[in-house]
Amino acid sequence: MSRILLIASLTAVLAVSAAHAETISLKVLGQPAGSGLIAQNKEKPFFESFSENTGIDAAAQYLPVDVAGVPDSDGLRVLKSGLFDIVSIRGPQVSRDEPSILGLDLIGLNTSYAAGRAHMDAFFDTVGARLEENFNAKLLGVWPAGPQVVFCKPEISGLADLKGLKVRVGDQSAANFVAGLGATGVPMPFGEVQQSLARGVVDCAITGPASANSAGWPEATTTVLPIALQLAVNGYAINLDTWNKLSVADQEKLSSSVAKLSEEIWAYSEELYEDAMNCNTGKECKLGKPYALNSAPVSDADIDMVAAAVGKVSLPIWAEQCNAVFPECESTWRATVGSQLGL
């Protein structure tokens with residue numbers, strides 16, 4: 001009898017151990033800690049309560065990219081290496097490693113949320129295929145940080161006033177655009193921008209109003225030019241080796257839950273943009289910190305210049321770079337996104 005009891009006890013212990021062994025542990029590299037409310041109120045809570053939000057028996061160890069000490073430009077390399085299982089990809093920053101990502105959000109392409117949604121949906125599968133082929137990763141969703149506008153330490157009244165100034169840019173598309181204005185585009189990690197503005201390392205910088213508010217950019221600038229240059233695409237991708245270890249049921253749960261998170265961020269991004277513009281310019285402020293920047297009027301000439309940038313600047317330069325590593329890049333873009341624009 002005692003032997004039977006012993007066997008039963010061991011069986012129970014092994015069963016419990018097996019159950020614990022089945023629990024998956026995922027390492028997640030997130031957006032920078034100081035990048036804004038999207039990371040704080042949407043992304044971080046989702047991954048910190050990963051099991052509850054996905055229905056998967058898994059725990060996620062979430063680390064912001066700057067806390068992890070990883071350059072945000074290395075997101076795809078980190079994903080390919082398997083150092084992290086899921087990465088919150090910062091599109092502009094990683095586009096040097098995979099230029100097709102810029103095709104989702106060229107300067108002048110996404111001047112509204114509606115336009116951004118249509119264009120990103122059209123090119124999503126192409127970018128996803130590139131990540132699978134070159135970075136052993138599956139793209140799960142994309143979302144916008146929000147319309148990217150110009151913050152400057154010197155007072156400006158329009159895009160023409162950027163001539164001769166040093167402007168922090170997020171990607172090569174933006175660098176090409178400001179170069180056409182006679183400015184110098186300076187790539188720089190987000191976390192370094194506020195101090196660089198304060199010290200005069202750069203004169204102006206481009207980001208979304210909500211991110212600028214969270215990072216204190218208005219403390220080091222005088223003027224915001226609220227013209228939407230692009231939407232700053234971000235996204236979530238998972239290492240394919242990790243993905244393939246999941247059951248089909250868990251793959252479906254992860255896909256649907258990240259798609260839901262991405263949808264929530266689309267809506268939240270638009271809400272934050274409107275409030276952050278108010279906060280930054282001394283109007284009624286609900287979610288951010290109040291400041292009193294001067295808001296330069298957006299002229300018809302500036303709107304026309306941004307709209308024309310796709311065909312004249314962004315697309316030609318990007319297409320040459322992208323075609324160099326992906327010969328079908330431009331033709332695929334024109335057949336998907338370009339067909340919506342008549343390009």
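Volume per residue of the convex hull around the Cα atoms, evaluated for segment 43-87, comes out as 76 Å³. Comparing Met305, Met120, Met277 in a Gaussian network model of the chain (Cα springs below 10 Å), the most mobile by mean-square fluctuation is Met305. Residues in segment 83-99 carry Karplus couplings, in order, of 4, 10, 7, 10, 10, 7, 6, 8, x, x, 6, 8, 5, 5, 7, 9, x Hz; the curve used is 6.51 cos²θ - 1.76 cosθ + 1.60 with θ = phi - 60°, and Gly or Pro positions show x. Taking 30 Å as the straight-line reach from the Cα of Lys80, the lysines in range (excluding those fewer than 8 positions away in the same chain) are Lys27, Lys42, Lys44, Lys138, Lys245, Lys253, Lys260. One compactness figure for segment 159-252 is 1.44, namely its Cα radius of gyration divided by 2.2 N^0.38 Å. Of the residues Ala237, Ala292, Ala319, the one that moves most in a GNM of the chain with alpha-carbon contacts below 10 Å is Ala292. Using C-alpha pairs under 8 Å with a sequence gap of at least 6, the mean separation divided by the residue count of the chain gives a relative contact order of 22 percent. For segment 43-140, dividing the convex hull volume of the Cα atoms by the residue count gives 124 Å³ per residue. Screening the chain for whole DSSP H helices with an alpha carbon extent of at least 24 angstrom along the helix axis and a mean Kyte-Doolittle hydropathy of at least 1.0 yields 2-22.
Peptides 203-215, 161-173, ordered by how many other C-beta atoms sit within 10 Å of their residues on average, highest first, read 203-215, 161-173. Would you mind classifying segment 210-343 by shape? Square roots of the alpha carbon gyration tensor eigenvalues, ordered a ≥ b ≥ c; an a/c under 1.5 is rounded, otherwise it is prolate if a/b is larger than b/c and oblate if not. In terms of gyration-tensor shape, oblate.
Each of the peptides 76-82, 196-202, 89-95 was scored by the mean count of other Cβ atoms within 10 Å over its residues; in descending order, highest first, they stand as 89-95, 76-82, 196-202. Basic side chains Lys and Arg get +1 at the Cβ, acidic Asp and Glu get -1 at the Cβ, and with that the dipole of the chain about its Cα centre reaches some 520 debye. Can you compute the FRET efficiency between Asp121 and Ala198 using 1/(1 + (r/R0)^6), with r the Cβ-Cβ distance and R0 = 35 Å? Round to the nearest 0.05. E(calc), rounded to 0.05, equals 0.35. For the peptides 58-64, 27-33, 139-145, the ranking by mean Cβ contacts within 10 Å, running from highest to lowest, is 139-145, 27-33, 58-64. Working from Cα pairs under 8 Å separated by at least six residues, relative contact order for segment 128-283 is 37 percent. Under the rule of -39500 (n - 2.57) per DSSP H run of 4 or more residues, summed and divided by the residues of the chain, what mean residue ellipticity at 222 nm is obtained, to the nearest 500 deg cm²/dmol? My calculation for the chain gives -14500 deg cm²/dmol from helical runs alone. Toward the positive end of the charge dipole of the chain, with +1 on the Cβ of Lys and Arg and -1 on the Cβ of Asp and Glu, the farthest Cα among Ser196, Ile89, His119 is that of Ser196.
Here segment 252-266 and segment 48-80 have alpha carbon centers that stand 15 Å from each other.
Reported to the nearest whole Å, the Cα centre-to-centre distance from segment 297-321 to segment 180-218 is 21. The convex hull around the C-alpha trace of the chain, projected and averaged over every direction, spans 19.4 square nanometres.
The numbers here are math on the coordinates, done by the rules we state, and not lab data. Everything numeric in this text was worked out from a predicted model, so none of it was measured. Counting neighbours? That spans all protein chains shown, and the Cβs are built from the backbone with ideal geometry, glycine included.
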